[in-house]
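Taken together, the values in this text are just the output of simple stated rules run on the coordinates, not laboratory data. In this text, all values refer to a predicted model and were calculated from it rather than measured experimentally. Cβ sites come from the backbone with ideal geometry, for glycine too, and all protein chains shown count toward neighbours.
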Amino acid sequence: MATEQPKDTSSVHGTSELIEILKENDKSKVHINSSIEIKALFFARARDLTGLSKTSIEMPEGSTAGDCMSKLLTKFPNLEEISNSMILALSEKYALESTVLKNTDELAIIPPISGG
Amino acid sequence: MAAAAEEDLIEIVEAPIEVRRYVDHVRDPAAGAIATFEGTTRDTFEGRRVVELRYEAYVPMALRRLRAACADARAAWSLRRVAVAHRLGVVPVGEASVLVAASAAHRADALEACRFLIDEVKASVPVWKKEVYEDGEVWKENAEFIHARMSTTTTTTSAAAAAAAAQDKRSCCCGAKVKVEEGKEEAHHSNGAGLEGGLEGSDPDRPL
């Protein structure tokens, strides 16, 4: 059958292609290891300014909460409005800007609170 | 024995707050006093007619902060039982957005802890309200949060901030009672400590 022929050929070629793919995967693995993914949360005024309640942001490994905030300010310049009045929370706890981020961390932008 | 901290009733609700539920929770045969505080939607702000308040929260973190505040209150005053509820969504004029209830053998402990808890809610619990007027709306900002934030960001290094946080926390534990009694601006310091208390993210004193 016509379908057999190309299948066999591709499996022969496939071995070297597979090796290439594996090499590429290894490269991208190194790339993945050197960057981390942070989930950013926006509440209240921060949500109004970004138009989003959350977003995912890729940061180089070793980045701090402050670095991530800087990147968010570049991505969402409107956030500048609250940059001097907000505070950050990392994984549900208030955090200093110098705190180093870990992969999958949840970084919340906390505009001035007004509960009660 | 007073009820354990794990028995504190801490809830964030979307429906009207059932005051009775929380007051009954803190009712205790060994208590000689139950103090409650209810924060309600006022119909005017600086002359503008308020239609309603709309609340939202970072719920898991708000619950953590409320638990920490209750633990701090238990450490500072001799309490039997504690309950705190915050409502989210639309809170019409006249209805409660927040309720704090504390019981103690003696009224001073119950009253002061109640005052401390509502101040902590204002300063460090991530909840936001939008005030909706007949002709516009605005996100509100609690003065207590601004005070607390300033005391965390005026220090230049993280080590200095951590040291300041630790310092403030100690003064909170020893001094909160006096400060709240005075009812003066210094009371905000204890709120600041509440905010800073979570800064390091690994506070062994808080049952997070």
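For A:42-51, what's the mean count of beta carbons from other chains sitting within 10 Å of each residue's beta carbon? Can you show the working numbers first?
Numbers: counts 0, 8, 13, 5, 2, 2, 2, 0, 0, 0.
Mean partner-chain Cβ count within 10 Å for A:42-51: 3.
Which ordering of A:Lys75, B:Lys129 is given by a fewest-first count of other beta-carbon atoms within 10 Å? Please report the intermediate quantities before stating the final value.
Values: A:Lys75 12, B:Lys129 25.
Sorted ascending by nearby Cβ count, the order is A:Lys75, B:Lys129.
Let a ≥ b ≥ c be the square roots of the eigenvalues of the Cα gyration tensor of region B:60-150; is it rounded (a/c under 1.5), or, if not, prolate (a/b larger than b/c) or oblate? Because a/c hits 1.5 or more and a/b exceeds b/c, region B:60-150 counts as prolate. Remark: B:Leu88, A:Leu96 ranked as B:Leu88, A:Leu96, counting other beta-carbon atoms within 10 Å and listing the fewest first.
Summary value for region A:35-110: 43 percent relative contact order, contacts being C-alpha pairs under 8 angstrom separated by 6+ residues. Here the residues A:Ile113, B:Ile146, ranked from fewest to most Cβ neighbours within 10 Å of their Cβ, fall in the order B:Ile146, A:Ile113. For a paramagnetic label modelled on B:Ile146 (point 7 Å from Cα along Cα→Cβ), amide N atoms under 16 Å away belong, within region A:63-95, to A:82-87.
Hey, with R₀ at 41 Å, roughly what FRET efficiency would B:Glu137 and B:His106 work out to, going by the Cβ-Cβ distance, to 0.05?
Details: r = 44 Å, r/R0 = 1.06.
Result of the calculation: an efficiency of 0.40.
Applying 1/(1 + (r/R0)^6) with R0 = 51 Å to the Cβ-Cβ distance of A:Lys102 and B:Val51, what FRET efficiency is obtained, to the nearest 0.05? Provide the component values of the computation, followed by the final result.
Details: r = 44 Å, r/R0 = 0.86.
The value I calculate is 0.70.
Between A:Lys39 and A:Leu52, the simple label model (points 7 Å from Cα in the Cβ direction) yields a spacing of 1.4 nm.
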